[in-house]
Each structure stands twice: as C-alpha cells, then as structure tokens.
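Enquirer: Below is a structure I'd like to ask you about.
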Amino acid sequence: MGQKFTRTSYYGIASTYRDFPNEGTYITCRGPLFAECYNRYAFDLAGVEGTITIIEPRPPLRASRWVFRADFVSRDAVVDLALLAKGFHIVTGPVPYNADGPKRLHWDAVYKHLTDNAFPASP
C-alpha cells in the first residue's frame, strides 16, 4: 500500500433470520455483526489520479490470489463476496473523477506497485 492508507470494513447486504421463541417471532439480522466482514484499505499513489482500494479476505493471507477491477465494489457484489470467501484479494484500480476515464499509465503504475509489494504478477 501507499505510505498513508485508510482502513474501513466491507460486508454484504445478506440477511439472516433468527428464531426468537421468547418473542414469538423471527428477527432479521443484517450488518457486520451477522455477516462476514472484511478489511478494506484505500490509498493513493504519487502521480496516480484516483484512489486504489484493496479488500482483504479472511483470514488475511499473503496476496497470492487477487482480482484487479475497474469499478467500486458494492455491498451486493455476489461474485466479489464469493471470491473473498475463497481467499482472493479484490483490488479496484484508480478511476479518476474527470471525464477522461481510467488512464492506462496509472493502471500500469498501480500494477507495478502491487507486484513489487507482495502481490504476484499475472502469468
């Protein structure tokens, strides 16, 4: 990661239902206390426009398997949640906030930074 980063949490929107016999009802449970919760790190790199985000699987493993994607990971991202459960890191590359869209030069810089820092290069 970069020199400075922000750590937050990522979890899905799946609900679980629990029987509460004393109440005579089922209760809907949702959120980080009831769903798998993952660490999400966001950081910037010098010369790269846009923030890079890494969502780390549980347990945190060496970054042996990872997906490099070009979009924000929403809470209903079924494929990303399944990949996290299988031990993949999810990396979102820098998408600038202007009309130019992603810049290949910036993506190459992020890829190089990641592969120089514990993420294996793609075959």
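Enquirer: Out of region 83-104, which residues are hydrophobic (A, V, I, L, M, F, W, C) and either surrounded by fewer than 11 Cβ atoms within 10 Å (Cβ to Cβ) or in contact with a Ser or Thr (Cβ under 6 Å, 6 or more places away or on another chain) (or both)? So that I can check it myself, show each step before the final result.
Expert: From region 83-104, those hydrophobic (A, V, I, L, M, F, W, C) are 83-85, 88, 90-91, 95, 99; that's our starting set.
Listed by number, the list holds a single entry, ALA99.
Enquirer: Inspect all residues belonging to region 42-52 and state whether any of them is under 13 Å from the mean Cα position of the chain (by Cα), of a type in the set (D, E, K, R) and on the phi < 0 side of the Ramachandran plot.
Expert: no
Enquirer: Related question: Please find, within region 60-74, the residue that is surrounded by the fewest Cβ atoms within 10 Å (Cβ to Cβ) out of those that are part of a loop (DSSP other than H, G, I, E, B) and within 10 Å of the chain's Cα centre (by Cα). Steps first, answer last, please.
Expert: Step one: filter region 60-74 for residues part of a loop (DSSP other than H, G, I, E, B), giving 60-65, 70-74.
Checking the rest, the ones that are also within 10 Å of the chain's Cα centre (by Cα) come to 72-74.
Details: PHE72: 9, VAL73: 20, SER74: 11.
This residue is PHE72.
Enquirer: In region 19-53, what count of residues is obtained for those that are among the aliphatic types (A, V, I, L, M), under 20 Å from ARG104 (Cα atoms) and in a strand (DSSP E or B)?
Expert: Result for region 19-53: 2.
Enquirer: The conditions are (1) out of contact with any helix residue (DSSP H, G or I) (no Cβ under 7 Å at 6 or more places or on another chain); (2) not in a helix (DSSP H, G or I), and THR115 fails exactly one of them. Which is it?
Expert: (2)
Enquirer: Next up: Determine whether THR115 is crowded, with 16+ Cβ neighbours inside 10 Å, polar (S, T, N, Q) and modelled with pLDDT of 85 or more.
Expert: Considered against the rule, which asks whether it is crowded, with 16+ Cβ neighbours inside 10 Å, polar (S, T, N, Q) and modelled with pLDDT of 85 or more, THR115 comes out as no.
Enquirer: All but one of (1) within 20 Å of LYS4 (Cβ to Cβ); (2) assigned to a helix (DSSP H, G or I) hold for ASP80; state the number of the condition that does not hold.
Expert: (1)
Enquirer: Filter region 1-15 down to the residues that are of a type outside the set (S, T, N, Q), in a strand (DSSP E or B) and surrounded by fewer than 17 Cβ atoms within 10 Å (Cβ to Cβ) and list them by number. Talk me through it step by step, then tell me what you get.
Expert: Initially, region 1-15 is screened for residues of a type outside the set (S, T, N, Q), giving 1-2, 4-5, 7, 10-14.
If we keep only those that are in a strand (DSSP E or B) as well, we get 5, 7, 10-11.
Residues satisfying the conditions are PHE5, ARG7.
Enquirer: Select from region 16-30 the residues that are surrounded by fewer than 12 Cβ atoms within 10 Å (Cβ to Cβ) and either touching a helix residue (DSSP H, G or I) at 6+ places or on another chain (Cβ under 8 Å) or in contact (Cβ under 8 Å) with a residue 12 or more places away in the chain (or both) and list them in ascending order.
Expert: Across region 16-30, the qualifying residues are THR16, TYR17, THR28.
Enquirer: I need the full set of residues from region 1-22 which are within 19 Å of ILE90 (Cα to Cα) and either within 14 Å of the chain's Cα centre (by Cα) or at pLDDT 85 or above (or both), in order please.
Expert: MET1, PHE5, THR6, ARG7, THR8, SER9, TYR10, TYR11, GLY12
Enquirer: OK, next. Counting only residues that are among the basic types (Lys, Arg) and assigned to a loop (DSSP other than H, G, I, E, B), which one in region 83-112 is farthest from ASN39 (Cα to Cα)?
Expert: Selected residue: LYS103.
The values are calculated or read from the model by the stated rules, or taken from the named source; none is laboratory data. The structure displayed is predicted, hence computed values, not measured ones. Don't worry about glycine lacking a Cβ; one is built from the backbone with ideal geometry, like all the others, and counts go over all protein chains shown.
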